[in-house]
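The values are calculated or read from the model by the stated rules, or taken from the named source; none is laboratory data. If you're wondering where the values come from, they're calculated on a predicted model, not measured in any experiment. When we count neighbours, we look across all protein chains shown, and the Cβ atoms used for this are built from the backbone with ideal geometry, even at glycine.
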Amino acid sequence: MSASGGTAGTESAAAMTTSTAPNGSLSPGPAGLARPEPRSWVTTVILLRHGRSTANTSGVLAGRTPGINLDDNGRSQATGIADRLADVAIDRIVSSPLERCQQTLAPLAAATGLTVEVDERLAEVDYGDWAGRPLRELATEPLWRTVQHHASATVFPGGESLAGVSARAVEAVRALVVPPPEEPAPPVPPDGSDGPDATDADAPDGAAKGPIARTVLICSHGDVIKALLADALGLHLDSFQRIVVAPASLSVIRYTPLRPFVERINDTGELRSLGSHPVPRLQREDPPPEDPQPVAASDAVPGGVTR
């Protein structure tokens, strides 16, 4: 702090008095005006990727193509999600507008009685000209290498950038997790008392109370959820391809005023899928040794793994 800043701080402190907030804590402010500590909050966000779709089984990058529905396995996964979350008290359900997310949430919405809210910012990546094309074919495109190694610079032809996807998704989640500001506390009585038998439960509006705790479930898409996890982990977007988010998987982030805590990533409730993940193969069966493209097993699948 500069000398001038220190002087200003001293003068300011001398001009202020200390008042007693309704919760009993001391807070600086003009005499007779309480400034209680802000009420703490914790919002747990459950990130659910939609169940397996017909595009997943056909090896096509669906993007925002209409009419992409869950396959039979995906519908079973949707029912299983409702069972897995039966003991979780969910306050809100928010979804991408696409059909496969709405279908995944139908059993859970019916079980909880909650209305599914739609947020366009949680929609699938707009892959532009890449949408509807086989992943095997896309793996030969020059942009594929950029998607793998430099996601923050990736802009899909005729579509959007991955940096833009990350920005809109993070904006949506932060709007969901932060409670609305509370009303300011009323002035403290002249005698400085809080009134007879004041408790946390009956403290005036605006007084600090116990933390606000909520749980929000979001159903979205592989790359969107990976971007949200990367943000919560403090990872650069270029590293988000290291994260795997399978269909019908659950990832959990606990948001607090100071920092987020990542508690689950890609929890599918089973381990069978660890045996192997299908990855897009190059059209050339035997690329020459000098081919700059790495083996397909090192590549992340745009849109997320297919099972």
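From ALA78, ALA89, ALA62, grab the single residue that is touching a Ser or Thr at 6+ places or on another chain (Cβ under 8 Å) and under 25 Å from ALA175 (Cα atoms). Don't jump to the end; show me each part of the working.
Details: ALA78 fails: under 25 Å from ALA175 (Cα atoms); ALA62 fails: under 25 Å from ALA175 (Cα atoms).
Checking each option against the conditions leaves just ALA89.
Does at least one position in the stretch 139-151 carry a residue that is within 26 Å of ARG64 (Cβ to Cβ), of a type in the set (Phe, Trp, Tyr), in a helix (DSSP H, G or I) and at pLDDT 65 or above?
yes
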Flagged in the stretch 108-123 as touching a helix residue (DSSP H, G or I) at 6+ places or on another chain (Cβ under 7 Å) and either acidic (Asp, Glu) or at pLDDT below 95 (or both), in numbering order, are ASP119
If I go through the stretch 210-252 residue by residue, how many of them are within 12 Å of the chain's Cα centre (by Cα) and free of Cβ contacts under 8 Å to residues at least 60 places away in the same chain? 2
Need pairs with beta-carbon distance below 8 Å; first residue over 17 Å from ARG242 (Cα atoms) and within the stretch 147-159, second among the charged types (D, E, K, R); sequence gap 6+ or separate chains. PHE156/ASP126; PHE156/ASP129; PRO157/ASP129; GLY158/ASP129; GLY159/ASP126; GLY159/ASP129
When residues of the stretch 40-94 are limited to those that are among the charged types (D, E, K, R) and not in a helix (DSSP H, G or I), the one surrounded by the most Cβ atoms within 10 Å (Cβ to Cβ): ARG49
If you scan the stretch 219-251, which residues turn out to be surrounded by fewer than 20 Cβ atoms within 10 Å (Cβ to Cβ) and β-branched (Val, Ile, Thr)? VAL244
Residues in the stretch 152-164 that are under 25 Å from ALA297 (Cα atoms) and part of a helix (DSSP H, G or I): how many? 4
Checked against (1) modelled with pLDDT of 95 or more; (2) in a loop (DSSP other than H, G, I, E, B); (3) surrounded by 18 or more Cβ atoms within 10 Å (Cβ to Cβ), ALA208 satisfies every condition except (1)
Subset of the stretch 248-283 [at pLDDT below 85 and aliphatic (A, V, I, L, M)]: LEU271, LEU274, VAL279, LEU282
Residue check, PRO38 against (1) within 25 Å of the chain's Cα centre (by Cα); (2) at pLDDT 95 or above, all met but one. Which one? (2)
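Name the residues in the stretch 159-182 that are in contact with a strand residue (DSSP E or B) (Cβ under 7 Å, 6 or more places away or on another chain) and over 14 Å from ALA232 (Cα atoms), would you?
Result: SER161, LEU176, PRO179.
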Hits in the stretch 123-143 (condition: within 16 Å of SER298 (Cβ to Cβ) and surrounded by fewer than 21 Cβ atoms within 10 Å (Cβ to Cβ)): ARG136, LEU138, THR140
